[in-house]
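The values are calculated or read from the model by the stated rules, or taken from the named source; none is laboratory data. What you are looking at is a predicted structure, and each value in this text was computed from that prediction instead of being measured. Cβ placement follows ideal geometry from the backbone for every residue including glycine, while neighbour counts extend to all protein chains displayed. Ligands, DNA and RNA are excluded from the accessible area calculation, which covers all protein heavy atoms including side chains. Shrake-Rupley method; radii C 1.70, N 1.55, O 1.52, S 1.80 Å.
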Amino acid sequence: MKKKLAITVMGVLMVTAMTGCGKKYISEEDFSQYVDLCDYKGVEATKVSYQVTDEDVQEQINEELNMNADYETITDRGVQKGDYVIVSYKASRNGEELQDYSGEEEEILVGEEMIYPEVDEALIGMNMNESKTVDVTLTEDFGGTEDAGEKLSVTVTVNDISIEILPEYNDEFVKENTDYKSKKEYEEALKKKLEDEKSKEYKSVTAEEILDYVVENSKFNGYSQSLYDECKKSYDDMNEYNAEMFNMTLDEYMDFAGITEEAIKQDVENMVNREMVMNMILQKEKIGYTSREVKNYAKEVYEEYEYDSADEFLEEYEEEDIGYEIAYWKLVDFLYDNAKYKEISEEEYLEQFSYDFDDEDMELNGEEIIPNDADIQLLDGDENIQLLDDDADTQLIDENDKNE
């Protein structure tokens, strides 16, 4: 399943062509009859200070090395900590086998407790095709709250033992596996990429904070039915997409996300108000996009979205969808550049959102929920929790460029 352009689940307004240097704007509709827009310049907002460390760069290098690792099967010794082992195991209680706590042909990294801790420890020294029975006590991590403390008997069999062999990190490795010619060039590019990603991420944080402020402090007096209908369609599409990500039916997802009928109208009206505010600012500041920017954007991001070419990417998405995305990031830059800041560190910012999920947070009817990927948005009443994996670089072209 290809990663989706974020705007296909968030953007709603139609784009209208304008005359003059080929520039296009998000909408010509006059929202001033519905909105008394507050001052959106000079808003005090959070600015997250950050830095990309050598450790951050090394993590990226390690990921590339791991992707190119080889595995060597071990037959002349028992299991050691750090080995990759394929195991099958059967759990039972009072002689009755428990399928939910058993597994077949599972690969684990010994020492990381990816399986019951008692079994993980018992694997040390076991040989290929050897079996062993171990008594385990279920914890919340391995049995959930309801079964925590239960005693089980687990028979585990070692099917395969292997060790990971990482390639040597040198200029030759870089040439063969990346687009760069040396370690130095590669590391400089990695650092810049990480810096660009963090810059975009935290600019967006600031802009969203400003947009929230403007929506909260502007006055609203209705909306057009056409805009409401567009937002409702976007809202429904977003929930259907998320349900698919979670391998759920739409009804199951709505129940899981806590989206009630009473909340839907408020959610959609919140989207409507946000869209009107965004588009009024875009209109007032004459922020738009050009067809050339759309083509440049496609060239920048098609690989990230798992397309074979920019042309294929452009076949999937309408110019208006991509234009909305481009205009949004220009709006982010504008709001960021015109804000007053209260600066906090990255650590302080991340601490604000730390949350310990328990098993019930990710269960439906007693079954663990595993999403297909991270492109998930949960809407619940006034809460809009976005987990969007959307770090694509966008090429922005100066609004005053008259050569378009």
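All but one of (1) buried (at least 16 other Cβ atoms within 10 Å of the Cβ); (2) β-branched (Val, Ile, Thr); (3) touching a Ser or Thr at 6+ places or on another chain (Cβ under 9 Å) hold for Ile163; which doesn't? Exception for Ile163: condition (1).
Being in contact with a helix residue (DSSP H, G or I) (Cβ under 8 Å, 6 or more places away or on another chain) and either farther than 24 Å from Met276 by Cα or in a helix (DSSP H, G or I) (or both) is a property that Glu244 lacks. Screening the range 1-92 for strands (runs of 3 or more DSSP E) wholly inside it with 1 or more residues that are surrounded by 17 or more Cβ atoms within 10 Å (Cβ to Cβ), modelled with pLDDT of 70 or more and within 22 Å of the chain's Cα centre (by Cα) returns the ranges 44-49. Of all residues in the range 162-187, those that are of a type in the set (A, V, I, L, M) have Cβ atoms under 8 Å from Cβ atoms of residues that are part of a helix (DSSP H, G or I), 6 or more apart or on another chain, in Leu166/Leu65; Leu166/Asn66; Val174/Lys183; Val174/Glu185; Val174/Tyr186. Condition check for Glu347 on (1) surrounded by 14 or more Cβ atoms within 10 Å (Cβ to Cβ); (2) modelled with pLDDT of 90 or more: one failure, at (1).
Of all residues in the range 175-187, those that are in a helix (DSSP H, G or I), surrounded by fewer than 14 Cβ atoms within 10 Å (Cβ to Cβ) and touching a helix residue (DSSP H, G or I) at 6+ places or on another chain (Cβ under 9 Å) total 1. Scanning the range 110-151 for residues that are buried (at least 17 other Cβ atoms within 10 Å of the Cβ) and under 12 Å from Tyr89 (Cα atoms) turns up Ile115, Tyr116, Val119, Asp120, Leu123, Val134.
Against the definition (within 21 Å of the chain's Cα centre (by Cα) and within 18 Å of Trp329 (Cα to Cα)), how does Glu285 come out, yes or no? Considered against the rule, which asks whether it is within 21 Å of the chain's Cα centre (by Cα) and within 18 Å of Trp329 (Cα to Cα), Glu285 comes out as no.
If a residue has to be of a type in the set (Asp, Glu) and under 28 Å from Glu44 (Cβ atoms) to count, how many in the range 214-232 make the cut?
The qualifying residues number 1.
Entry remark, the range 213-238: residues being over 30 Å from Gln51 (Cα atoms) and open to solvent by less than 50 Å² (accessible area, probe 1.4 Å) number 10 in total.
Exactly one of these conditions fails for Glu240: (1) under 25 Å from the mean Cα position of the chain (by Cα); (2) closer than 24 Å to Ala207 by Cα; (3) charged (D, E, K, R). Give me its number. That leaves (2) as the condition not met. The single condition among (1) open to solvent by 50 Å² or more (accessible area, probe 1.4 Å); (2) in contact (Cβ under 8 Å) with a residue 12 or more places away in the chain that Ile210 does not meet is (1). Among the conditions (1) open to solvent by 20 Å² or more (accessible area, probe 1.4 Å); (2) at pLDDT below 90; (3) among the hydrophobic types (A, V, I, L, M, F, W, C), the only one that Ala257 does not satisfy is (1). Going through the range 93-115 one residue at a time, which ones are of a type outside the set (D, E, K, R) and either modelled with pLDDT of 90 or more or not in a loop (DSSP other than H, G, I, E, B) (or both)? Passing the criteria: Leu98, Gln99, Tyr101, Ser102, Gly103, Ile108, Leu109, Val110, Gly111. The condition of being of a type outside the set (S, T, N, Q), in a helix (DSSP H, G or I) and modelled with pLDDT under 95 holds for only one of Glu197, Glu172, that being Glu197. Residues that are more than 19 Å from Met67 (Cα to Cα), acidic (Asp, Glu) and not in a strand (DSSP E or B) within the range 148-169 comprise just one, Glu150.
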